[in-house]
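The values are calculated or read from the model by the stated rules, or taken from the named source; none is laboratory data. Note that the structure is a prediction, hence the values are computed from the model and not measured. No Cβ is skipped: glycine too gets one built from the backbone with ideal geometry, and neighbour counts run over all protein chains shown. To get the accessible areas, we keep the full protein, side chains included, count just its heavy atoms, and leave off ligands, DNA and RNA. Shrake-Rupley method; radii C 1.70, N 1.55, O 1.52, S 1.80 Å.
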Amino acid sequence: MECKPKYCIIGAGAGGLACARHALDASVEVTVFEQTDRIGGTWVYTDSTGRDQNGVPIHTSMYEGLRTNLPRQIMGFPDWPIESNVSYVKQEEVLRWLQDYVEEFKLRKLIRFEHQVIRVSPTYNDGSKWEVIVKDLRNERYDTFVFDYVMVCNGHYSYPMVPEIVGRGSFQGLQIHSHDYRKADQFQGQDLLLVGAGYSASDIAIATVKVAKSVTISHHNPDKVDFDIEGTISVKPGISKLTPTGAIFVDGTEKNFSTIIYCTGYKYTFPFLSADCGIRLEDNHVQPLYKHVININHPTMALIGVPFYCIPTQMMDLQARFCMKYFTGELKLPPRDEMLRDMEADIEYRRRRGLPKKWMHKLSGDFQTKYYEDLAKTAELQPIRPVIMALFEESMRRRLASVQNYREDDFEVINDNEFRVL
């Protein structure tokens, strides 16, 4: 009897679950390793920061009261929508949607909870398989497995990126990254400095302005977002220097603070990939990847969810389907040199558009639509519906117009091409 191909999926967040479901549909043997004791990845909320009960760094960056920054109508999987009576849903609704997905497609039996992947490397003979060393955290035991395919779905919102600022070591107040922010109450009566102007900065500003003595947002482009937030919020340009009691900004002004929260994004990290996996990481640029997803040096490995400024669930589901077309042999990947040329052409196109290396995976503007269309066309897949992209652009426009109120908008999808604002 022919043995089924064995698939290793690292992580039981949205990306890992989508991969598990589509791999299971291909009648292969699937094992999902999840280092926490539950599914959901970044959508799990915990009061804890630092390390968990097994001494593993806390993965989730979820904070109290979070609502999605995209409408639920575009956040579900193509055939598994998020149902609710509002468009911007709470964290617990997304988590429940993922839990229901696990039950519907019978994925729980595939998941080994509290199993931390320690090392992934090509097998020493011909490199055609993968040796995966896993730590059973509950029993403090190491086990070694061999797989035919590896799908890395470890998420990219858990390893904080903190900028190098002159004087950072001299500041005597509290400094944390938004990864460790949980509740506004702990900043009662404080003078807060938020560094950054993305989603977490605006969310934390909205929550903390109600309890803090003052809130200041520093960003190198203060006009990026209109911080029309009720309460007293100051917007400053970039920081020139930190002092023991506060900050001096590039416009020469100075202000004292008791706490600094860095809302400055995250780094990609794949600590379990050995050097002979052939993946290198430079300034948050992951190489060499075919279509931002398949490891060109070892094309039986995929890194799911690398592109950002996107519609994550729709994209990861599409990437999972893309990979399965090739992993199952239904389609054949191009030769290595052709995949490298495809990657280099994408990099060169981005450079011509003025993007720095750290944005080589960014899908802003027309990059996102083109990327999804390219994946679907290349692998002969059902594309993402045009209405999804149209609603994404409208929701982004409305957020830029009002970070305070955009989540009060409600939408209805009419058909594959149209939506309306309720």
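Worth pointing out:
To keep it simple, each residue is scored yes or no on (1) in contact with a Cys (Cβ under 8 Å, 6 or more places away or on another chain); (2) within 19 Å of Gly198 (Cβ to Cβ); (3) among the hydrophobic types (A, V, I, L, M, F, W, C).
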position	(1), (2), (3)
Thr60	no, yes, no
Pro71	no, yes, no
Gly76	no, no, no
Ser87	no, no, no
Leu95	no, no, yes
Asp100	no, no, no
Leu107	no, no, yes
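- Any hit, region 325-344, residues being closer than 22 Å to Ile10 by Cβ and without any contact (Cβ under 8 Å) to a residue 40 or more places away in the chain: no
Yes/no matrix, rows are residues, columns are (1) modelled with pLDDT of 95 or more; (2) under 21 Å from the mean Cα position of the chain (by Cα); (3) farther than 17 Å from Phe322 by Cβ:
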residue	(1), (2), (3)
His361	yes, yes, no
Glu373	yes, yes, no
Thr378	yes, no, no
Leu381	yes, no, no
Arg385	yes, no, no
Ile388	yes, yes, no
Ser395	yes, yes, yes
Arg399	no, yes, yes
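- Meets criteria (touching a residue at least 12 places away in the same chain (Cβ under 8 Å) and among the small types (Gly, Ala, Ser)) for Ser128: yes
- The residue of region 249-263 that is nearest to the chain's Cα centre (by Cα), among those that are β-branched (Val, Ile, Thr) and open to solvent by less than 40 Å² (accessible area, probe 1.4 Å), is Ile261.
- Picking from residues in region 264-282 that are more than 26 Å from Leu355 (Cβ to Cβ) and part of a loop (DSSP other than H, G, I, E, B), the one that is most open to solvent (accessible area, probe 1.4 Å) is Pro271.
- Members of region 229-248 found to be open to solvent by less than 40 Å² (accessible area, probe 1.4 Å) and not β-branched (Val, Ile, Thr), listed by number: Ser234, Pro237, Gly238, Leu242, Gly246, Ala247
The rows are residues; the columns are (1) modelled with pLDDT under 95; (2) under 30 Å from Met75 (Cα atoms); (3) of a type in the set (Ser, Thr, Tyr); (4) more than 22 Å from the chain's Cα centre (by Cα).
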position	(1), (2), (3), (4)
Ile233	yes, no, no, yes
Ile239	no, no, no, yes
Gly246	no, no, no, yes
Phe272	no, yes, no, no
Met315	no, yes, no, no
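- Pair list, Cβ under 6 Å, 6 or more apart: region 404-422 residue aliphatic (A, V, I, L, M), other residue assigned to a helix (DSSP H, G or I) and modelled with pLDDT of 95 or more: Val413/Gln73; Val413/Val387
- Selection within region 187-223: residues that are open to solvent by 20 Å² or more (accessible area, probe 1.4 Å), of a type in the set (A, V, I, L, M) and in a loop (DSSP other than H, G, I, E, B). The member of this set that is farthest from Gly252 (Cα to Cα) is Val211.
- When the test is whether a residue is part of a helix (DSSP H, G or I), open to solvent by 50 Å² or more (accessible area, probe 1.4 Å) and touching a helix residue (DSSP H, G or I) at 6+ places or on another chain (Cβ under 7 Å), Arg398 passes it.
- Condition met for Thr269 (closer than 30 Å to Asp366 by Cα, of a type in the set (Ser, Thr, Tyr) and touching a Pro at 6+ places or on another chain (Cβ under 8 Å)): no
- Count - residues of region 1-20 that are at pLDDT 95 or above and open to solvent by 20 Å² or more (accessible area, probe 1.4 Å): 2
- Beta carbons closer than 9 Å, at least 6 apart along the sequence or on distinct chains, never pair a first residue in region 198-212 that is at positive phi with a second that is surrounded by fewer than 21 Cβ atoms within 10 Å (Cβ to Cβ) and of a type in the set (Asp, Glu).
- Top-ranked residue of region 73-129 - restricted to ones that are open to solvent by 10 Å² or more (accessible area, probe 1.4 Å) and aliphatic (A, V, I, L, M), ranked as farthest from Pro299 (Cα to Cα): Val86
- Checking the stated criteria, Leu24 turns out to be hydrophobic (A, V, I, L, M, F, W, C), part of a helix (DSSP H, G or I) and open to solvent by 10 Å² or more (accessible area, probe 1.4 Å).
- Every pair of residues 6+ apart whose Cβ atoms lie under 7 Å, when the first sits in region 69-88 and is free of Cβ contacts under 8 Å to residues at least 40 places away in the same chain while the second is aliphatic (A, V, I, L, M): Arg72/Ile82; Arg72/Val89; Ile82/Met75; Ile82/Val89; Ile82/Val94
- Residue check for His285: under 24 Å from Pro386 (Cβ atoms) and open to solvent by less than 40 Å² (accessible area, probe 1.4 Å): no
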